[in-house]
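To start, the structure itself, in structure tokens.
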Amino acid sequence: MYKLLKLFNDFKDYFIFLILIIVSLSLISINSKQEIGGFRAVIIGGVGYIQKLFSWIPNQDALRNSNKTLIELNIQLSKEVAMMRKALHENNELRSMLNIVSNSQYKLIPCDVTSKRSIQMRNFATINKGTADSIQVGMSVCSEAGLVGIITSASEHFAMVELLNNRNIKIPVVSLETRLDGILKWEGDEYLYMQNISKSSKINVGEIITTSLFSSKYPNNITVGKIVKVAEEPGSYFSKIYVEPACRFFNFSQLFVINYVPNPEELGLLKEFENEMIMIENAKKDRQKSKKNNSQDNSSDSKK
Amino acid sequence: MKSKNINSTFKWINKTYLLYFLWIIVITVFHIIFLDLFAIMDVTPDLFIIIVVWITLKEGRLAGILAGFVIGLYLDIISADVVGTNAFSKTIAAFIVSYFYKENKINFITKGYQFILISFLATLIHNIVYFFFYIKTSEQDFLVFYLKYGLATTAYTTVFAILVVLFQMPSNRIKINV
């Protein structure tokens, strides 16, 4: 016993060291015990309280890192917001397009706009549907808001749409309320103009303008725009009607092609009649010209 | 006469350990409040190992390993670390440092470059043991992690050990009468 005590006394440092190592390892192994967790929670609460008291001391490094993280997060969120806004706009567009498809009297072929261009005051859009999708030249094109243009050429998978804001566009239209017929033209600015409305006719601002039965190219009853102003032109029998287009020029990404082509027999008859009228007109002009020439010759003879 | 000697010795022991206790409180406050301000790329100095080295070189092996254990355990509790890891690593560090303890050269060692070198060695050994437990449950490579964080912490802690030596230099010495 004495030897044991002497041994312990001589090597007490090593024995105590060993005991402490064993205790440390035991503590590591029982670290997940609930009692330790509870005690630690109290300590952490106290430490947290002290840290909170001194949280006003600025930490440059932490602030810098926090700023960097926030800037990166801000950029990412901005991108997401932009994507969501685009998706929302597309969603609203598609919803209104669904409405027009269900309410339309014509069969509609949906398509996407692949490009838009302007060539010498003539504005075109290219769509991603062509003859393979039953698209034909002469078909009208509209959006969920109203008439947009007409197909002027088509390949197998693409077609070109001549838009309303073109100088050679002439659309027979009618006002919905007052049922006045006119011709719609574009003169280079943001409006379309309804012509051939006499000053004596009563037409109201706010009236909706649609395609009329007089049109041989466009199907009737397609919304074109809304009257925003009625002005009197001096020295003319007609009023100047300002029409705001239903579909803003170039402000679309999805369109519908109206599966309607004018009857070729009807078109042929119209063309024949037009040609006849032109011939009659020309003959009249020729007769008038020859009469004039004859009278001039007679007067020169008499002078002689 | 004898009782007077015992009383004076007891008084001296109390003063020294009281001073160590106060230093531990000061380091704890610094650790809790200001340590983040001194962080360089997430690397912070370990001031507790410096006081463990100090106590070991001043008081000897037994005091050193007990101080290592108690301070390590204390640090485990306040830093929400795995209880026992700091106690284990600081005890081992104190045991290694105790081999440099020389009763007749205490001041010479603690006031000179030897203290800096011993602190560096102690921190190195402490970090090897500590980080071994630290990344035991993760899939990180120990060597890579230690080279990145262990050595950096060792170097940073040694800087503070240099400050301790500089603080004791005759021109900068502040006399405190206790």
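Each reported figure results from applying straightforward, stated rules to the coordinates on display, with no laboratory input. The shown structure was predicted, so the numbers you read here are calculated from the model rather than taken from an experiment. Don't worry about glycine lacking a Cβ; one is built from the backbone with ideal geometry, like all the others, and counts go over all protein chains shown.
Where does helix A:264-303 land angle-wise versus the long Cα axis of chain A, in degrees 0 to 90, nearest 10?
Taking Cα atoms only, the helix is inclined about 50 degrees.
Between the helical axis of A:12-29 and the dominant principal axis of chain A, each derived from Cα atoms, what acute angle in degrees is found, rounded to the nearest 10?
30 degrees
Between residue A:51 and residue B:23, how high is the FRET efficiency from 1/(1 + (r/R0)^6) when r is the Cβ-Cβ distance and R₀ = 22 Å? Nearest 0.05.
In this case the efficiency is close to 0.60.
Relative to the longest principal axis of the C-alpha atoms of chain A, give the angle of the C-alpha long axis of helix A:34-53, reported between 0 and 90° and rounded to the nearest 10°.
Here the helix axis deviates by roughly 70 degrees.
Show me, for the stretch B:119-127, the HN-Hα J-couplings you get by feeding each phi into the Karplus relation (A = 6.51, B = -1.76, C = 1.60, θ = phi - 60°), rounded to Hz, glycine and proline as x.
4, 4, 5, 4, 5, 4, 5, 4, 5
Give the calculated FRET efficiency between residue A:244 and residue A:274 to the nearest 0.05, with a Förster radius of 35 Å applied to their Cβ-Cβ distance.
Working: r = 31 Å, r/R0 = 0.90.
Here the calculated transfer efficiency is 0.65.
Sort out the exposed loop chymotrypsin sites (Phe, Trp or Tyr not before Pro) in chain A (DSSP loop, at most 11 other Cβ within 10 Å) and tell me the longest stretch that has none.
Numbers: sites that count: A:54, A:56, A:237.
Value returned for the longest uninterrupted segment is A:57-236.
What residues from the stretch A:147-179 fall in the zone where the backbone N is under 14 Å from a label point 7 Å along the Cα-to-C-beta line of residue A:128?
Under cut-off, by backbone N: A:157-159.
Can you list, largest first and rounded to whole Å, the semi-axes you get for the stretch A:87-190 by taking the square root of 5 times each eigenvalue of its Cα gyration tensor? The partial results should precede the final answer.
Values: eigenvalues 99, 78, 43 Å².
Equivalent-ellipsoid dimensions as semi-axes: 22, 20, 15 Å.
In the stretch A:96-179, which GluC sites (Glu not before Pro) are in a loop and have at most 14 other Cβ atoms within 10 Å, using DSSP for the loop call?
Working: sites: A:144, A:156, A:162, A:177; in loops: A:144, A:156, A:177.
Here the GluC sites (Glu not before Pro) that fit, given the DSSP loop and packing criteria, are A:156, A:177.
If you wrap a convex hull around the Cα atoms of the stretch B:42-135, how much volume per residue is inside, in Å³?
On the way: hull volume 7.8 nm³, N = 94.
About 83 Å³ per residue, rounded to a whole number.
At 0.36 nm per residue, minus the direct Cα-Cα distance, what do residue A:89 and residue A:187 gain on full extension? Give it in nm, one decimal, please. Spell out each step's value before the answer.
On the way: separation 98, 0.36 × 98 = 35.28 nm, distance 3.02 nm.
Taking residue A:89 through residue A:187 to full extension adds about 32.3 nm, to one decimal.
Extending each Cα 7 Å along its Cβ direction at residue A:176 and residue B:107, get the distance between those two points in nm, one decimal.
10.6 nm
Under a crude label model (7 Å from the Cα following the beta-carbon direction), how far is residue A:216 from residue A:196 in nanometres?
1.3 nm
Considering the alpha-carbon set of the protein assembly as shown alone, what are its Rg and its Dmax in angstrom?
48.4, 173
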